[in-house]
Amino acid sequence: MKFDDLDRLMRPYETAYDFCVPMGNHIVVRLDGRGFTRLTKDIWQFDAPFDPRFRDLMTQTVAHLMQCGFNILYGFTQSDEISLLFHPADDTFARKTRKLASVLAGEASASFTHLHGQMATFDARVCVLPGAAQVWDYFHWRQEDAHRNALNAHCYWKLRQEGASERDAAARISGLKLAEKHDLLHARGINYNDLPAWQKRGIGLYWRDVAQSGHNPQTGEATQTTRRRLITDLELPYKEDYRRFLQGMTAVAAQL
């Protein structure tokens, strides 16, 4: 069989399940580290419950993803997960979910591995959100997950440090209400509200136009230019303030 005939025969099997996100829908790609719970504790031996070294690896990986060929407005990371909000007009790879997920998972895996010096892999999924309100809900959801994870993690590891086994520590906090978890920490000298914001709310990366002063070497005159710079925000707002922050970001994107 000639190659062209064989290609026409086989190509439909490769693309049978391709889905392209229709324009007018928002794209968020969420990535998760594969096996990071075990790796961070047993192999890489990062400090628990939060290690600034791991935080920096994740934020640098997000920064790479936001500069690797896609038009991404906002990156959010907490724990071992990353969420990326695409510009609504981005049509890279014709918005094929298969391509978006596979390329970004590969880029994240390569970036983290290169930065850390030890092999790491990420998986990815594409979230198709019909409107801006769902975008705000999505990131509010992920920030609330960060908040719950942080509270549980601090309680769990405080109990572990006191000698509780993995099973006992997990069982101890599983039935506690929110206020009771705060009380558990407070009784041990920890005010949860005073913990670093990045642990409780996650970390955001976004673009900002920043004024930059300079001079014209030919005329010697002072100049003022605007540069687009990627900002890493360790002090994200919370609850309704965070929602307003997201509303502002999507509103600006709609005008671009």
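The values are calculated or read from the model by the stated rules, or taken from the named source; none is laboratory data. The shown structure was predicted, so the numbers you read here are calculated from the model rather than taken from an experiment. Don't worry about glycine lacking a Cβ; one is built from the backbone with ideal geometry, like all the others, and counts go over all protein chains shown. Note: accessible area is taken over every heavy atom of the protein model, side chains too, but ligands, DNA and RNA are not part of it. Shrake-Rupley method; radii C 1.70, N 1.55, O 1.52, S 1.80 Å.
Take the residues of region 31-51 that are open to solvent by 50 Å² or more (accessible area, probe 1.4 Å) and in contact with an Asp or Glu (Cβ under 9 Å, 6 or more places away or on another chain): which is nearest to S83 (Cα to Cα)? Before the answer, list the steps.
In the first step, residues of region 31-51 are kept if they are open to solvent by 50 Å² or more (accessible area, probe 1.4 Å); the result is 34, 37-38, 41-43, 45, 47, 50.
Pick out the ones that are also in contact with an Asp or Glu (Cβ under 9 Å, 6 or more places away or on another chain) and you get 34, 37.
Details: R34: 15, T37: 18 Å.
Filtering region 31-51 for residues that are open to solvent by 50 Å² or more (accessible area, probe 1.4 Å) and in contact with an Asp or Glu (Cβ under 9 Å, 6 or more places away or on another chain), the one nearest to S83 (Cα to Cα) comes out as R34.
Quick check, is M66 surrounded by fewer than 15 Cβ atoms within 10 Å (Cβ to Cβ), touching a residue at least 60 places away in the same chain (Cβ under 8 Å) and hydrophobic (A, V, I, L, M, F, W, C)?
So M66 fails the test.
Please work out which residue is farthest from W44 (Cα to Cα), limiting yourself to region 116-156 and to residues that are surrounded by fewer than 16 Cβ atoms within 10 Å (Cβ to Cβ) and of a type in the set (A, V, I, L, M, F, W, C).
The residue in question is A133.
If V28 meets every condition in (1) open to solvent by 30 Å² or more (accessible area, probe 1.4 Å); (2) of a type in the set (V, I, T); (3) closer than 26 Å to V128 by Cα; (4) at pLDDT 90 or above apart from one, which number is that one?
(1) is the only condition that V28 fails.
Given the criterion at pLDDT below 95 and either on the phi > 0 side of the Ramachandran plot or open to solvent by 40 Å² or more (accessible area, probe 1.4 Å) (or both), identify the matching residue among A251, A187, A179.
Within the list A251, A187, A179, the selection yields A251.
Within region 82-115, which residues are open to solvent by 10 Å² or more (accessible area, probe 1.4 Å) and either among the β-branched types (V, I, T) or not in a helix (DSSP H, G or I) (or both)?
Answer for region 82-115, where residues must be open to solvent by 10 Å² or more (accessible area, probe 1.4 Å) and either among the β-branched types (V, I, T) or not in a helix (DSSP H, G or I) (or both): H87, P88, A89, D90, D91, T92, K96, T97, V103, T113.
Is there any pair linking a residue in region 87-114 that is in contact (Cβ under 8 Å) with a residue 40 or more places away in the chain and among the hydrophobic types (A, V, I, L, M, F, W, C) to one that is part of a helix (DSSP H, G or I) and open to solvent by less than 40 Å² (accessible area, probe 1.4 Å), with Cβ under 7 Å and at least six apart or on different chains, and which?
L104/L65; A108/T61; A108/L65; F112/L57; F112/T61
Would you check if T77 is more than 29 Å from E235 (Cβ to Cβ), polar (S, T, N, Q) and surrounded by 20 or more Cβ atoms within 10 Å (Cβ to Cβ)? Spell out the reasoning first.
Working: more than 29 Å from E235 (Cβ to Cβ): no; polar (S, T, N, Q): yes; surrounded by 20 or more Cβ atoms within 10 Å (Cβ to Cβ): yes.
Criteria not met by T77.
Tell me, please, whether a residue that is modelled with pLDDT under 95 and open to solvent by 60 Å² or more (accessible area, probe 1.4 Å) can be found in region 200-208.
Looking through region 200-208, at least one residue is modelled with pLDDT under 95 and open to solvent by 60 Å² or more (accessible area, probe 1.4 Å).
What is the one condition in (1) among the hydrophobic types (A, V, I, L, M, F, W, C); (2) open to solvent by 80 Å² or more (accessible area, probe 1.4 Å); (3) assigned to a strand (DSSP E or B) that M23 does not satisfy?
(3)
Identify, please: which residue in region 117-134 is touching a residue at least 60 places away in the same chain (Cβ under 8 Å) and touching a Ser or Thr at 6+ places or on another chain (Cβ under 6 Å) and is, among those, nearest to M249 (Cα to Cα)?
A132
Is one or more of the residues making up region 213-224 open to solvent by less than 100 Å² (accessible area, probe 1.4 Å), modelled with pLDDT of 70 or more and acidic (D, E)?
So far as region 213-224 goes, no, none of its residues is open to solvent by less than 100 Å² (accessible area, probe 1.4 Å), modelled with pLDDT of 70 or more and acidic (D, E).
Determine whether Q161 is out of contact with any strand residue (DSSP E or B) (no Cβ under 6 Å at 6 or more places or on another chain) and open to solvent by less than 30 Å² (accessible area, probe 1.4 Å).
no
So, in region 31-45, how many residues would count as being touching a helix residue (DSSP H, G or I) at 6+ places or on another chain (Cβ under 7 Å) and at pLDDT below 95?
Here the count works out to 1.
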